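The values are calculated or read from the model by the stated rules, or taken from the named source; none is laboratory data. Model, not experiment: these values are computed from the prediction. Don't worry about glycine lacking a Cβ; one is built from the backbone with ideal geometry, like all the others, and counts go over all protein chains shown. All accessible areas refer to the heavy atoms of the entire protein, side chains included, with ligands and DNA or RNA removed. Shrake-Rupley method; radii C 1.70, N 1.55, O 1.52, S 1.80 Å.
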Amino acid sequence: MIRWIATIAIVVGAPAPALAQRAERSLEAVVVDAASGQPVAGALVVAGGVEATSGGDGAVVLAGVPAGAVDVLVVADGYEELLTSGRAGRPLRLALRKVADGNVAGVEVIEISGDAPLADEPPTYDVPVEQVRTLPGSGSDALKALQSLPGVARVPFGLGGLVLRGSSPRDSSVFLDGIEVPILYHFGGLASFFPTAMLDSMELMPGSFGARFGRAIGGIVELRSRAGQADRWRGAAEMSLVDASARAEGPLLGGAISVGVRRSYVDAVLAAAAPDLTLAPRYLDAQLRYDLGSERRGRWTLLAFASDDLLRFVDEPEAAGDDEDTFRYVSRFVRAGVRWQRDRDGLALSIMPTVGYDESTIRFDEDGITRENLPIALRADVKRSWSGGYLAGGVDGQLVRSSFDLGGEVGPGPGVMGDDVEMRRLGATWAEDGGVWAEGFVRLWNGGLGIKPGLRVDHFGLSDQVVADPRLTISHELSSRVTLTESVGLYHQPPASADLDPAWGNQDLRASRSVQTSAGLQVAIPDFGEASTTLYYQALGDLPVDAVTGATAAADGGSVQSGGVGAISRELTDEQFGSYAYRENVGRGRSYGLEMLVRRRVGDWQGWVAYTYARAKRRGDPRLDPRWYPYVLDQPHVLTALVSARITHHWQIGARVRLATGNPFTPAAGSYYDADDQAYEPVDGPILSERLPDFVQLDVRVDRNWRRSWGTVRLYLDLQNATNRLNAEGVSYNYDYSRKDYTRGLPIFPSIGVEYVP
Amino acid sequence: VRWLVLVGLLAACDDEGEAPSYLITGPRLLAVQAEPPAVIPGGLVTLRALVVDGDASQAAPPMAWRVCSPWVTVRDPDRDCVGPDALALATAADGSAVLDTAVTAAYFGAGEVPAPAGCEAVPVMVIATAEIDGLRLVARKEVRVRAAERRNPGIARVTLDGAPAERFAPGREYVLGAAPVAELEDRRCTGDDEPGRPFEDVRFHVYVDGGELSNPHLDVEYEDDGTQVVEVERYTAPDRRAPVDMWVVAIDGDGGTAWRHLVLTSE
């Protein structure tokens, strides 16, 4: 059977015109076990008419494969066959699933995995999930590892929020199996919403993404969950200083199910440490995936995931009659969807309806805001292989009911003080957004040139606007190891519902847009890994910016022009809570830069060096101030160097060094006394003219594995900020602004955990 | 917002070791009083300043006064309230000045502005500048022009453990209290002039040149039914025998201002 499949693959995958170039092309790959990440020896790998067998370290080299993308077939005893695509000069990771007893597919080809061919996409960045587990500084959290990749700015205090190529966090989207995720990280950035062990892959597209995605003018993160193994039931658990998790997977009703749950216990620890203050921060999340059927015949996938954060302070009354001050922060969401997909005879179909619920609450006593969203979404894609390339298209849309309950002593608008005005506002809006897209990919010149035009048309319900976004990617294979990719595209994003508030928002607000261009060079380095560099330029227009400002000095913090922690906090929470400011589409932005990545993917030591030179500038309302200023997260230089080495069969060590330019802020040039408020008011220095000191941090990690017949136990120590360097994250002043001090970042933070994998 | 809370907690740790704002260690312009604090259109307002320093109990430095243009938002007095956007006032020998609202309106071309009605108020920004020991002190005060005059509050008493604040035992902790002069309290402006409406809240800001305060201000508030709610704070006297200078500045809801200087001697 194996030989039969291999023979067919050889015949199919050997285009005659490429034979003359075979001698100078090779495809390198590492075959690993999808569950454990361990290398698989003796696997037969077939691509473009060439076959080879993997060695003890799972590595395999297929010399003389034809140019362009080729089908890659992997066959190994005890594993399901794997069919994927590859390209000479691009190292592949081939993750095999063990054969399941009475597995869901029961046919030849079950799951497409491994690295997708990149020739039809601008350079993207990925981190193999099994590598994440030993990545220094990420606490075994895959999504936190994203912040070590090029094009990603550093966020203060290690808080969540993706700042991609100088775009605001609200301008980028994260998808898990096609479902948009509202919040990527639990509060404080301690952990992401989805456990690493249940992820199959993740890919970062900091810009220039294809027509498949819309409603974002920044970048995209695409996550794919892992299907459960159906051969037998197995369970795993992990415990660290912060949280504990458990997961299980196995056969169920002819399919495969995997479930997971995680809960933090920081609340119990802190409550014990501070008995006078009831402090209860905690997060939990849960995941469920159930697969039935095969992709060839049609696979059903049920996916559900939820996240729940709660932070609560209760200041106990000291005496009868004292008020009890409480603070309550809630952030929770749940998503559930059913996907049907089929991939047969070059035609791939997928359709997925989803529903969800979000709640975001922040209240001091009864004052504060609660926002709830009820999204109903549908995504349907079709892809057809065609003449060495493909045609693809689809629709995606969502209907969202957004409601809010706002109350307290608040001003009626930006810059207008509340002055003891008690108010409460409740409201709800329905917004429907829908998009249709199509794109094709053709190969010319024996596959040496790839062209992918795409078009996306969206209707934004809130602004009742139809936008068309053409996008184009061109790839040149300069040699067997070097590929140049250029991309240009138009992107639109609908306004946020909070910005259209009927009381103080602007109901005429329209979509913002960006034009993204990039040129990337990718080089495959044999027996090492890869290197890539990308130049990009983005022009942003129609950005919603505050058109009414108060008399508050910028140096006082909190406004866009203040910079520092206040302005960054606003950027991070703007989408979740809204700013309730009057905004107009008069803002502009531009960002440009250079991303470089050198990555070693093979051998006992792996790692990468990522450097990003990035500039991001913004212009607010030109009627108030026509000048351009740095974006509040403008970080010209960001360097991450990361290495992880297996020093023995049981021990692994790693280190990560990060350097980043400090964020800009507006200094206080002096102050005067407000006699009515009995407080000093700062006088602004030049807007966003100073920067915090550069950020430097070293993280180290040690892993110890014990492999037994009943499973593997892994103990790790992940030491973030190992040198306990007090990095500056913000600026603070004394009461009369005569002395400046820095708000310091997190001190040394150990993360100790133990994981059991069957 | 959530991050602001977390960051605020972190930032609070950084404030350790910084002198608190209530501790007078050098020259300070602590308060500006407008008499009356709210004036009818065309009325006169007398302006006085409270300037203190860390050594003497109270100083009387040269003062300068100017009124800012109502058409300019004052973020920086030395930029937004100068030249044609400012009207200088004559300073009397005692450092006070008189603001003539009619002259001010005419100077800035605000004569056509409709007179405020009911509880509405037109703010007039005043900048006070004092020079002391080569240090330039700048303060901003808002005078309100409205349909009816309002009064400044008064400070009836300041107490330590219920007794008049006159003496202290070094290092001892006291309950600090203050009360307004009932006869000088204005009722809140609600527009309907009901006689039974509650009085304006008064906040007492406390400054000392020694010791520690649990909170630099304490409030006297009135419920809607007229019930007075009095807040107290804790004052820990310094470990010294030398007298303590204490200044209490009372501010009411209309910007009305009063102050009182006390010298506490050790027991």
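For residue A:555, the conditions (1) crowded, with 20+ Cβ neighbours inside 10 Å; (2) among the aliphatic types (A, V, I, L, M); (3) part of a loop (DSSP other than H, G, I, E, B) are fulfilled apart from (3). Note on the stretch B:34-48: residues that are assigned to a strand (DSSP E or B) and either surrounded by fewer than 24 Cβ atoms within 10 Å (Cβ to Cβ) or touching a helix residue (DSSP H, G or I) at 6+ places or on another chain (Cβ under 9 Å) (or both) amount to 7.
So, residue B:200, is that one closer than 25 Å to residue A:673 by Cα, surrounded by 14 or more Cβ atoms within 10 Å (Cβ to Cβ) and of a type in the set (Asp, Glu) or not?
The answer is yes for residue B:200.
In the stretch A:712-733, the qualifying residues are those that are closer than 21 Å to residue A:663 by Cα and outside any strand (DSSP E or B), and the one that is nearest to the other protein chains (Cβ to nearest Cβ) is A:726.
Residues that are more than 22 Å from the chain's Cα centre (by Cα) and either modelled with pLDDT under 90 or open to solvent by 40 Å² or more (accessible area, probe 1.4 Å) (or both) within the stretch A:622-640 comprise A:622, A:623, A:624, A:625, A:626, A:627, A:628, listed in sequence order.
Once the stretch B:121-155 is narrowed to residues that are closer than 16 Å to residue B:43 by Cβ and away from chain A (no Cβ under 13 Å), the residue that is farthest from the chain's Cα centre (by Cα) is B:147.
Among the residues making up the stretch A:711-749, those that are farther than 25 Å from residue A:642 by Cβ and open to solvent by less than 30 Å² (accessible area, probe 1.4 Å) are A:711, A:730, A:732, A:734, A:743. Candidates are the residues of the stretch B:1-25 that are more than 10 Å from chain A (Cβ to nearest Cβ) and surrounded by fewer than 14 Cβ atoms within 10 Å (Cβ to Cβ); the one that is modelled with the lowest pLDDT is B:16. The condition (being modelled with pLDDT under 90 and polar (S, T, N, Q)) is satisfied by just one residue among A:514, A:497: A:497.
Being under 11 Å from the mean Cα position of the chain (by Cα), of a type outside the set (Asp, Glu) and under 23 Å from residue A:606 (Cβ atoms) is a condition met by no residue of the stretch A:171-185. Filtered by the rule that a residue be more than 26 Å from residue A:405 (Cβ to Cβ), in contact (Cβ under 8 Å) with a residue 40 or more places away in the chain and open to solvent by less than 60 Å² (accessible area, probe 1.4 Å), the stretch A:444-467 gives A:447, A:448, A:450, A:452, A:454, A:456, A:458, A:465, A:467. Of all residues in the stretch B:156-175, those satisfying the criterion of being surrounded by 14 or more Cβ atoms within 10 Å (Cβ to Cβ), over 22 Å from the mean Cα position of the chain (by Cα) and not acidic (Asp, Glu) are B:167, B:168, B:170, B:172, B:174.
Condition check ((1) under 24 Å from the mean Cα position of the chain (by Cα); (2) open to solvent by 60 Å² or more (accessible area, probe 1.4 Å); (3) under 25 Å from residue A:494 (Cβ atoms)) across all residues:
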{"position": "A:363", "(1), (2), (3)": "no, no, no"}
{"position": "A:370", "(1), (2), (3)": "no, no, yes"}
{"position": "A:380", "(1), (2), (3)": "yes, no, yes"}
{"position": "A:384", "(1), (2), (3)": "no, yes, no"}
{"position": "A:388", "(1), (2), (3)": "no, no, no"}
{"position": "A:393", "(1), (2), (3)": "yes, no, yes"}
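Of the numbered criteria (1) open to solvent by 40 Å² or more (accessible area, probe 1.4 Å); (2) under 30 Å from residue B:76 (Cα atoms); (3) aliphatic (A, V, I, L, M), the one residue A:543 fails is (1). Restricting attention to the stretch A:734-749, the residues that are of a type outside the set (Gly, Ala, Ser) and at the interface with another protein chain (Cβ under 9 Å from one of its Cβ atoms) total 9.
Residues of the stretch A:570-604 being closer than 14 Å to residue A:499 by Cα, away from every other protein chain (no Cβ under 14 Å) and in contact with a Lys or Arg (Cβ under 6 Å, 6 or more places away or on another chain), which ones? Result: A:585, single match.
Given the residues A:481, A:456, A:471, which is the only one that is among the basic types (Lys, Arg) and over 24 Å from the mean Cα position of the chain (by Cα)?
Details: A:456 fails: over 24 Å from the mean Cα position of the chain (by Cα); A:471 fails: over 24 Å from the mean Cα position of the chain (by Cα).
Criteria check complete, one pass: A:481.
Being under 26 Å from residue A:715 (Cα atoms) and acidic (Asp, Glu) is the filter; apply it to the stretch A:219-246 and report the residue that is most open to solvent (accessible area, probe 1.4 Å). Here the residue is A:238. In the set B:147, B:117, which member is of a type in the set (A, V, I, L, M, F, W, C), touching an Asp or Glu at 6+ places or on another chain (Cβ under 8 Å), open to solvent by 50 Å² or more (accessible area, probe 1.4 Å) and within 21 Å of residue B:36 (Cβ to Cβ)? Testing whether each residue is of a type in the set (A, V, I, L, M, F, W, C), touching an Asp or Glu at 6+ places or on another chain (Cβ under 8 Å), open to solvent by 50 Å² or more (accessible area, probe 1.4 Å) and within 21 Å of residue B:36 (Cβ to Cβ) leaves just B:147.
Looking only at the stretch A:158-188, residues that are surrounded by fewer than 22 Cβ atoms within 10 Å (Cβ to Cβ) and part of a helix (DSSP H, G or I) come to 3 in all. Of the residues making up the stretch A:143-157, those that are open to solvent by less than 10 Å² (accessible area, probe 1.4 Å), more than 30 Å from residue A:228 (Cβ to Cβ) and not β-branched (Val, Ile, Thr) number 3.
Per the listing A:339, A:344, A:363, the residue uniquely among the basic types (Lys, Arg) and out of contact with any Lys or Arg (no Cβ under 7 Å at 6 or more places or on another chain) is A:339.
Considering only residues that are on the phi < 0 side of the Ramachandran plot and either open to solvent by less than 60 Å² (accessible area, probe 1.4 Å) or among the basic types (Lys, Arg) (or both), which ones fall in the stretch B:183-195?
Of the stretch B:183-195, the ones on the phi < 0 side of the Ramachandran plot are B:183-190, B:192, B:194-195.
Within the stretch B:183-195, B:185, B:186, B:187, B:188, B:189 qualify.
Kindly list the number of the only condition in (1) open to solvent by less than 60 Å² (accessible area, probe 1.4 Å); (2) under 21 Å from residue A:388 (Cβ atoms); (3) not in a loop (DSSP other than H, G, I, E, B) that fails for residue A:479. Condition (3) is where residue A:479 drops out. The criterion of at least 2 residues that are in contact with a Gly (Cβ under 7 Å, 6 or more places away or on another chain) and within 13 Å of chain B (Cβ to nearest Cβ) is met, among strands (runs of 3 or more DSSP E) falling completely within the stretch A:625-702, by A:668-674.
Every residue in the stretch B:246-258 that is over 8 Å from the mean Cα position of the chain (by Cα) and open to solvent by 10 Å² or more (accessible area, probe 1.4 Å), please. B:252, B:253, B:254 - these are the residues of the stretch B:246-258 that are over 8 Å from the mean Cα position of the chain (by Cα) and open to solvent by 10 Å² or more (accessible area, probe 1.4 Å).
Residues in the stretch B:206-245 that are open to solvent by less than 70 Å² (accessible area, probe 1.4 Å), among the acidic types (Asp, Glu) and assigned to a strand (DSSP E or B): B:219, B:233, B:245.
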